[in-house]
Amino acid sequence: MTGRIVYVERKPSWFKDISNRLNEESTWLDKLIARFVLYRHYGIMIDNNEIIHFYSPSILKLNQGVISQVPLSEFLKAGGDIEIDDVIDVKFTRDEIIERAKDLVGSDFDGYHLTKNNCEHFAVWCGTDQRKMSQQASVTTYRNIYSASSTLKRKIISVLV
């Protein structure tokens, strides 16, 4: 998997413990997403035990994103299994992808944004030199957020009625 674009699919936790998906800067929106939204978190596998990824400590703290190199165990701590994204048509060799990712460790990649500059944009850029998110992923993101809000409304109504 070295030099590959990888992701972990994070499934909604509903009413299970979500402490492994939060940090000291997490907001109510981060908690809502952890509970109700299915999403993928992307990174670049640089060896069998380390990943370089782009993240923000909170979805509401947009310009606080950072690219960091972390142990695979940290990348996976919020749950899910690591998968290779074979859909992205990369134009660089695996070694070049790793080098591009390493060159950005510690940078903010022009600031984190949920739909315009996120972990998928970073991973795709490392492999293609283009900052983009797959159309299906962006549609899925919006559909999941809408679905989460609908589910939450139903649950709140069921408790109140």
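Within the stretch 72-130, how many residues are out of contact with any strand residue (DSSP E or B) (no Cβ under 8 Å at 6 or more places or on another chain) and aromatic (Phe, Trp, Tyr)?
2
Under the condition of being part of a helix (DSSP H, G or I) and more than 11 Å from the chain's Cα centre (by Cα), which residue from the stretch 37-75 is surrounded by the most Cβ atoms within 10 Å (Cβ to Cβ)?
As a first pass, look at the stretch 37-75 and keep what is part of a helix (DSSP H, G or I): 62-64, 72-75.
Then drop every residue that is not more than 11 Å from the chain's Cα centre (by Cα), which leaves 62-64, 72-74.
Numbers: Leu62: 14, Asn63: 10, Gln64: 14, Leu72: 19, Ser73: 10, Glu74: 13.
Going through the qualifying residues, I end up with Leu72.
Hey, among the residues in the stretch 47-61 that are modelled with pLDDT under 95 and hydrophobic (A, V, I, L, M, F, W, C), which one's farthest from Trp14 (Cα to Cα)?
In this case the residue turns out to be Leu60.
Suppose the filter is more than 26 Å from Phe15 (Cβ to Cβ) and modelled with pLDDT under 60; does Ser149 pass it? Working first, answer last.
Details: more than 26 Å from Phe15 (Cβ to Cβ): no; modelled with pLDDT under 60: yes.
No: the conditions fail for Ser149.
Has the stretch 15-23 got any residue that is part of a loop (DSSP other than H, G, I, E, B), touching a Pro at 6+ places or on another chain (Cβ under 8 Å) and within 30 Å of Asp103 (Cα to Cα)? Please lay out each step first, then the result.
Of all residues in the stretch 15-23, those part of a loop (DSSP other than H, G, I, E, B) come to 15-18, 22-23.
The next check asks that each one be touching a Pro at 6+ places or on another chain (Cβ under 8 Å); those that pass are 23.
From the residues that got through so far, the ones that are within 30 Å of Asp103 (Cα to Cα) too are 23.
Yes.
Write out, first by first residue and then by second, each pair whose Cβ atoms fall under 8 Å of each other, whose residues are 6+ apart or on separate chains, and whose first residue, in the stretch 22-36, is under 9 Å from Ser58 (Cα atoms) and loosely packed, with under 14 Cβ neighbours inside 10 Å while the second is among the hydrophobic types (A, V, I, L, M, F, W, C) and at pLDDT below 85.
Close Cβ pairs satisfying both conditions: Leu29/Ile59; Leu29/Leu60.
Out of the residues in the stretch 112-135 that are farther than 24 Å from Pro57 by Cβ and not charged (D, E, K, R), state the one that is surrounded by the fewest Cβ atoms within 10 Å (Cβ to Cβ).
Gln135
Condition first: of a type in the set (A, V, I, L, M, F, W, C) and either without any contact (Cβ under 8 Å) to a residue 60 or more places away in the chain or in a strand (DSSP E or B) (or both). Now tell me which residues in the stretch 83-114 satisfy that.
At the first step, the residues of the stretch 83-114 found to be of a type in the set (A, V, I, L, M, F, W, C) are 84, 87-88, 90, 92, 97-98, 101, 104-105, 109, 114.
Hits for the stretch 83-114 are Ile84, Val87, Phe92, Ala101, Leu104, Val105, Phe109, Leu114.
Taking the stated definitions as given, is Phe109 closer than 22 Å to Asn48 by Cβ and surrounded by 13 or more Cβ atoms within 10 Å (Cβ to Cβ)?
Details: closer than 22 Å to Asn48 by Cβ: no; surrounded by 13 or more Cβ atoms within 10 Å (Cβ to Cβ): yes.
The answer is no for Phe109.
Tell me which residues, restricted to the stretch 110-124, are more than 17 Å from Ile5 (Cα to Cα) and not charged (D, E, K, R). Working first, answer last.
Of the residues in the stretch 110-124, the ones more than 17 Å from Ile5 (Cα to Cα) are 110-116.
Residues satisfying the conditions are Gly111, Tyr112, His113, Leu114, Thr115.
The values are calculated or read from the model by the stated rules, or taken from the named source; none is laboratory data. It should be emphasised that the depicted structure is a prediction, and the values quoted were computed from it without experimental measurement. Note that we place each Cβ from the backbone using ideal geometry, even for glycine, and neighbour counts take in every protein chain shown.
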